[in-house]
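Step one of this worksheet: look at the structure below.
The values are calculated or read from the model by the stated rules, or taken from the named source; none is laboratory data. Keep in mind the model is a prediction, meaning the values are calculated, not measured. Note: ideal-geometry Cβ built from the backbone for every residue, glycine included; neighbour counts use all protein chains shown.
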């Protein structure tokens with residue numbers, strides 16, 4: 001039995017199928033962990049969702065920022081942009097079933113010594129605290145008031161974490177951290193506009209995983225989101241967004257031995 005963590009697919013269904021074939025995925029014994037951003041920007045988000053949903057318990061999914069955008073767009077809370085490629089999902093005959101399934105997925109998954117999250121964790125959060133905060137969001141998104149949470153997330157640039165936050169703003173801010181964090185200050189102030197490579201991070205900010213890393217020494221965090229960082233493997237971090245939707249590679253890592261598998265995505269755009 002093997003577990004393969006797969007980076008941001010973003011609607012690149014053909015690349016996903018080639019990667020699954022390359023690792024010789026056996027649905028009877030293996031599992032696939034997806035770091036989020038299953039959809040958007042790529043050419044076939046609809047079939048990506050259908051495939052992963054049909055894997056049932058052989059797939060572990062955490063939500064990414066593009067997945068949340070799909071949920072918001074489906075309810076008219078967020079407006080689609082020219083670069084978005086979600087229309088086929090919104091008009092599909094199984095649209096309601098897919099959106100409902102997506103809304104049931106968590107933003108954080110823990111299976112010691114691994115944690116799966118889309119973007120990252122604030123330095124001040126312990127693993128236990130992050131798990132608890134994420135569970136608050138998970139319950140909220142599954143509940144009747146999920147639209148209020150999504151409305152609080154759009155727009156999100158002004159949101160900064162404080163333990164004193166309450167209601168939809170609190171849950172939206174947790175969502176922002178887990179699905180959008182790249183760089184922050186040592187006191188956990190998020191940089192909300194940066195998306196470039198680490199060497200261009202604005203002064204006073206650092207890659208989130210370099211701050212207070214010693215506190216996470218017993219945990220390996222598997223994440224994506226940061227395409228400009230690329231594949232980044234360190235003792236306690238497996239960052240596996242290798243820019244598939246930007247014409248680079250889709251990456252899988254076998255967690256048992258950290259073996260890396262990649263397929264080219266030059267036809268993604």
Original post:
Quick one: residue 227 ticks every box in (1) closer than 18 Å to residue 124 by Cα; (2) at pLDDT 95 or above; (3) in a loop (DSSP other than H, G, I, E, B) bar one, so which box is it?
Top reply: (1)
Original post:
In region 148-178, what residues are touching a residue at least 40 places away in the same chain (Cβ under 8 Å) and at positive phi?
Top reply: none
Original post:
When the residues of region 153-171 are filtered to those that are in a helix (DSSP H, G or I) and surrounded by fewer than 21 Cβ atoms within 10 Å (Cβ to Cβ), which remaining residue is farthest from the chain's Cα centre (by Cα)?
Top reply: 167
Original post:
residue 85 versus (1) surrounded by 15 or more Cβ atoms within 10 Å (Cβ to Cβ); (2) in contact (Cβ under 8 Å) with a residue 60 or more places away in the chain; (3) within 30 Å of residue 131 (Cβ to Cβ): which is the lone unmet condition?
Top reply: (3)
**OP:** Identify, by number, the condition in (1) in contact with a strand residue (DSSP E or B) (Cβ under 8 Å, 6 or more places away or on another chain); (2) assigned to a loop (DSSP other than H, G, I, E, B); (3) under 21 Å from residue 1 (Cβ atoms); (4) touching a residue at least 24 places away in the same chain (Cβ under 8 Å) that residue 36 doesn't meet.
**Re:** (3)
**OP:** Just name the residue that is surrounded by the fewest Cβ atoms within 10 Å (Cβ to Cβ) out of those in region 1-15 that are in contact with a helix residue (DSSP H, G or I) (Cβ under 6 Å, 6 or more places away or on another chain) and assigned to a helix (DSSP H, G or I).
**Re:** 13
Original post:
Of the residues that sit in region 112-140 and are over 18 Å from residue 225 (Cβ atoms) and in contact (Cβ under 8 Å) with a residue 40 or more places away in the chain, which one is surrounded by the fewest Cβ atoms within 10 Å (Cβ to Cβ)?
Top reply: 112
